[in-house]
Structure formats: C-alpha cells, structure tokens
Amino acid sequence: MSPVPPESPAVEGATYPKLLRKLGRAALVPAVIGGLHLPSLPSSDGIRFRDVAKQAGITVVTRNDAQGRKYQAETMLGGIAVLDFDSDGWMDIYVANGASLPSLAKNDAVYWNALYRNNGDGTFRDVTRSAGVKGEGFSIGVAVGDFDNDGWEDLYVCGVNKNTLYHNNGDGTFTDVTEQAGVTGRDPNGKKLWAVAAAWLDYDNDGFLDLFVSNYCDWSPRTELVCGGIDSEARTYCHPDSYRGQPPQLYRNQGDGTFRDVSTETGIGQVIGKGMGLAVSDFDVDGHPDVFIANDNSRNFLFHNQGNGQFREAGIPLGVAFNGDGRYISGMGADFRDFDGDGLADIVMTGLKRETFEIFRNLGGQYFEDVSATTNILALSRRWSGWSCGIADFDNDGNRDFFTANGDLDIDGSQLNRVFRNSGEGHFADVSDSEDAGLAEARLHRGAGIADFNNDGRLDIAVTALNEGPALLMNETTAGHWLELKLEGRTSNRSALGARVTSRAGGRPQVAWVANSVGYASASDLRVHYGLGEVSRVEEIEIVWPSGHVQRIRNVAADQILRIVESPMR
C-alpha cells in the first residue's frame, strides 16, 4: 500500500456496546491509514466480464473421479478461496480439489488442492508445492482468516474424510496444525463428519476467531447406495433423503493456538441438517454475529447469537427455514448482506432448477420476508441450478447485484452463470445474455470467490467447474467511482471479521460487514467494497469494530484502497 494520502481524513472513535442505541459522545483518535489511488471510470448500465484464467496461468482441473458409479461426493466439490497469503496487497486464489474414489485419497498430483500467487501483473503462479498446501482426502470447502492474530491469513480446508488447518508461517509456507489445534472435524465419538463449508467468526467477541463448520450427511463409499437401477447406465445420484443428516460444529478459539469443541454447550450441535453453504452476519444489529446455513432438502438454519455464549436456532420463527410457499429446497449457496440498502443484512440462497432461488428480506431484525417473487428472482431463476452465489456491486452504481454459479448434478447438466443486476428499486434483471457479458460458457460450475484481483476498483469472480479448469472473470464494466477498505483489528480479531462499516457519500449511506464466507464452500475477499456511482468523495466512514469500539473517518477521496487499523479504545 502507498503512504498516507496528503489529505488525511479525520478519525473519530468511541465505544459502542449496543448498536441499536444512539451513538454516545466520541473522542478524536489517530488512525493508521494507507491509500492506494487508482483511476475510476464513468458509470454504465452494462456489466461485462472476460475469462482470462488460461492466460493468467490458473489451470488446475477440479477432479471428482466420476466413473459412473454415482458416488454422492462426486457432485459436491469445488470450493475456492480468495486470500492475500503473502500480504502484498494482491488477492491470491486457493482451489479445493477431489480425490480418487472410492479410496478418498489424493494418490496422484492431479488431485492436489492448488494455491496460486497473484503476481500483480495479470498472471498467477502455482506455489502449491513450495507452500505445502496440496491437501489430503476429498476436499470440498475453504475458509480464510487469521486465527492467531499474527497478521498472516490462515486456511481451513474441509472435506469428506479430512479437515485441515494450515497455519500461515509468514514466509510463503504453511504448516498443518490440525491435530494440535483440535479442529479435526470429528464428533465426540471420534467419527469424522462430512464437512462442506466453514466460516471464521468471533462469536464471543474476545478478539480471537472461532471456527464454524457446516456438515452434510452420514456417507461412506463403502456403504453407498445404488439408485436409479442396477445397470450402470441407469444409475443416478441418490436423493439426499437417502442419508442421515449431521450436526454443524463450532470450535472456540482459546487464544493459545488451540480450539475447544463447544458445539453442544452453545446449542449449535443440537440440530441435525444437511448443511451446504453458510454465511455470517449480524441480522439484528446487536453486535453479535449470527449464522445462516442453507440445508439440502431440509429446513434452513439461522443460529441467533444470544450474546451470552449461546445460540438459538430460529429459522422457523424468523421466516427463513422454508420458502414463501412453506417448502424447503435443495439449498446450496448463501450470502448474508444488505441487498436493498436499508442497512440490515438480508439472505440470498440458491437451489436446483425449478425450485428457484430465494431472497429473504430483513424486516427490522425481527423477521424475514421471502421477496423472491417481487424482486423478479423467482421467475429469473427457474431454469438454473445454483451453487455458489454472492451479493456484490459489479457496476459500482451503489446497488448490490446478485451473481450465481450454475450447473446441474450430472455430466449432461452444464449451465451458464448469471448476473442479476440490481435496479436499486427492489428489482433484479438478468443481464447475463448480452453480447459482451462474458458469461457464455456452460459448465458444471460450483464454487465462486469474489474479489478485486487487479485492484482497479471493479469486482471480479473466480469460478470452479467439475472436471475443468476454473474461470477467472475479470470485470470490464465501464463503472462508476468506488472505495475499498482493508480493515485490521487490534483489540478486535486481526481479520476484522464481524466489523460493521457504513459509508456516507452524496447523502446516501451504505452498510457492509467484513464477512468472507460467501456462496458455496468458498471464501471471498476480506476487503469491503463500495460502489459510489457519480460521487467522488465519501463524507464519512463509520466502523463499528467487533470489540464495540467505534471509529470514524471523514472526507475520504473515492477510487482508492484504504488500509485502516483499529484505533485504541479510551
């Protein structure tokens, strides 16, 4: 990052233990701020991408070893993570890969997970071997966060038969610390649960990141059922109802490099589901992170953080367990952020074709309403089987759009990805089929990570596909002004996960949370991104850190990346 800009904004700080009450008096404190100024482009109605994965050097093939037996795990892999593992300001990429079946072993290099370092010039370099992160077992999902607050982003890789915690050593290498840290993914009886996704969060706001894991079903290749017919040509993948579900898990960070499984005592482990994507936000603005899980053919979960070390599963009373018709769907991916600009975190989720995708609008932190029909998403999504997804402003007009990575279950189910543009008036329009949209590549898409890979202020997307290389969709939209924030906690967790950030520009507030568990089994950029349209200056940025401390920065120029460190509490 470049030095502090000449016109440094003013910063104001305060403690803020309860977000729903009025802000108290604040005192001026210094902040550590670094700015990287980049040019902006005028706004436009079009959203355009260009796939540059091959020329960028990202060539790993996500292999599921499908050979006609129809093992359930074959359809499920493909998580991808965005991280800055070398802290150089350029977002890198990590891809979770499969394994040989039925052994579930990475017995060939073609099954290795892959870490690509962003060279900062439009290319990436495969550093998997030197970094020591090739993985073990049949990997599915990835989570990114700095669990020991040493300033280096760590990786948690979860899968069918092996979960791995990679500690970032800060020298380009990682160390497997899974066993000593106590995050193996086994239940109290020592059985490994099938993990699909994970998220880092500080559920007790003690300054250390805890680990939430979404588990799927009780499955083994040794006991796999045969569905559809005995003849191999008639076989199909078994319905999820054929398998018993599993509980999610929560590991509490003890601050010494170890974790304790607190699933039972917090209430997390008391429910059984078939967990897929999970997303974290603070839906009732009480300062405590809540967790949503999209379940496969069973009711969704919304774990309401009580603020006393306990969670209450409240999906039914809060209106997100089922869709507006009172039915559950094949829940795949999820995101948990404000799509309508009212400052409250809403929920989006994807499902299989003909089920439609869901948008649950937050009604004041008390209840959610299914607005899939009124936003047009119900009609627009009928044709698609969505896996990963994300709410993000791709044209920098100040309205967050809806991206979905699509693909059906079997080899004949290739589909196109979609971008639903937010009009800002409560409606979405599918803008994916325009000649220049850059999304006309049908594949069995799965994971997706959203980030500004070239630091030009436009959000890009990396997307995996079964048995093919990933797509790196670089955003070439003629877009408006923007601002990106990289937050670093001091009293709060170093990754600043859970921070609530409000920008006020041109008289318009936009609220975002530092949250990177997005979509299906994937992790997006930790940086907060704002599209500002025609506005070239932000009047105020207000950060409510997980510690409860409030920090304000005033008079900020647009079109830059700011690094902001949590100021001392008084």
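The values are calculated or read from the model by the stated rules, or taken from the named source; none is laboratory data. Given the structure is predicted, the values throughout are model-derived calculations rather than measurements. So basically every Cβ, Gly included, is an ideal-geometry build from the backbone, and we count neighbours across all protein chains shown. The area values use the complete protein model at the heavy-atom level, side chains included, leaving out ligands, DNA and RNA. Shrake-Rupley method; radii C 1.70, N 1.55, O 1.52, S 1.80 Å.
Specify whether the C-alpha gyration tensor of the chain places it in the rounded, prolate or oblate class, a ≥ b ≥ c being the square roots of the eigenvalues: rounded for a/c under 1.5, otherwise prolate if a/b is larger than b/c and oblate if not. It would help to have the intermediate numbers written out before the result.
Working: a/c = 1.40, a/b = 1.31, b/c = 1.07.
In terms of gyration-tensor shape, rounded.
Would you compute, for the Cα atoms of region 366-482, the largest minus smallest coordinate along each principal axis and list the three values in descending order, in whole Å?
Its Cα atoms span 38, 35, 32 Å along the three principal axes.
Would you mind putting 515-521, 111-117, 238-244 in packing order, based on average other-beta-carbon counts within 10 Å, highest first? Write down the numbers at each step before the final one.
Values: 515-521: 31.4, 111-117: 24.3, 238-244: 14.4.
Packing order, densest peptide first, comes out as 515-521, 111-117, 238-244.
Taking region 194-240 as the region of interest, what is the percent of Cα-Cα pairs per 10 angstrom bin, listed from the shortest bin to the one with the maximum distance?
Using 10 Å bins, I get a P(r) of 22, 29, 21, 15, 10, 3 for region 194-240.
Taking amide H atoms as placed 1.01 Å from N in the peptide plane, list the residues 5 or more away in sequence, or in a different chain, whose amide H sits under 5 Å from that of Gly331.
Under 5 Å from the amide H of Gly331: Asn295, Asp296, Asn297, Ser298.
Just order 355-368, 469-482 by mean Cβ neighbour count inside 10 Å, highest at the front, would you?
Details: 355-368: 20.6, 469-482: 23.5.
Put in order of decreasing packing, that is 469-482, 355-368.
Per residue, how much accessible area does the chain have with a 1.4 Å probe, in Å²? Kindly include the intermediate steps, with their values, before the conclusion.
Numbers: 19900 Å² over 570 residues.
Accessible area per residue: 35 Å².
If you plug each phi of region 383-389 into the Karplus form 6.51 cos²θ - 1.76 cosθ + 1.60 with θ = phi - 60°, what whole-Hz ³J(HN,Hα) values come out, in order, with x for Gly and Pro?
Listing the rounded values in order: 7, 10, 9, x, 10, 6, 7 Hz.
Tell me the relative contact order for region 271-377 as a rounded percent, counting alpha carbon contacts under 8 Å between residues six or more apart.
On the way: 255 pairs, mean separation 23.6, N = 107.
Relative contact order, region 271-377: 22 percent.
Which pairs in the list Lys70/Lys192; Lys106/Lys353; Lys134/Lys191; Lys106/Lys191; Lys54/Lys106; Lys54/Lys274 are over 30 Å apart, alpha-carbon to alpha-carbon?
Details: Lys70/Lys192 22 Å; Lys106/Lys353 32 Å; Lys134/Lys191 24 Å; Lys106/Lys191 20 Å; Lys54/Lys106 24 Å; Lys54/Lys274 35 Å.
Listed pairs above 30 Å: Lys106/Lys353; Lys54/Lys274.
Rank by packing, highest mean first: peptides 134-147, 310-323, with packing defined as the count of other Cβ atoms within 10 Å averaged across residues. Let's see the in-between values first.
Values: 134-147: 26.6, 310-323: 18.9.
In descending order of packing, they fall as 134-147, 310-323.
For region 392-533, build the charge dipole from Cβ charges (+1 Lys, Arg; -1 Asp, Glu) around the Cα centre, then report which of Ala496, Asn454, Gly438 sits farthest towards its positive end.
The residue sitting farthest along the positive end of the dipole is Ala496.
Within the chain, what whole-number % of the accessible surface is contributed by carbon and sulfur, with the 1.4 Å probe and all protein chains included in the calculation?
Looking at the chain in its full context, I get 48 percent from C and S.
Give, to the nearest whole percent, the P(r) tail of region 201-277 beyond 22 angstrom, counting all Cα pairs.
Working: 1272 of 2926 pairs.
Roughly 43 percent, once rounded to a whole number.
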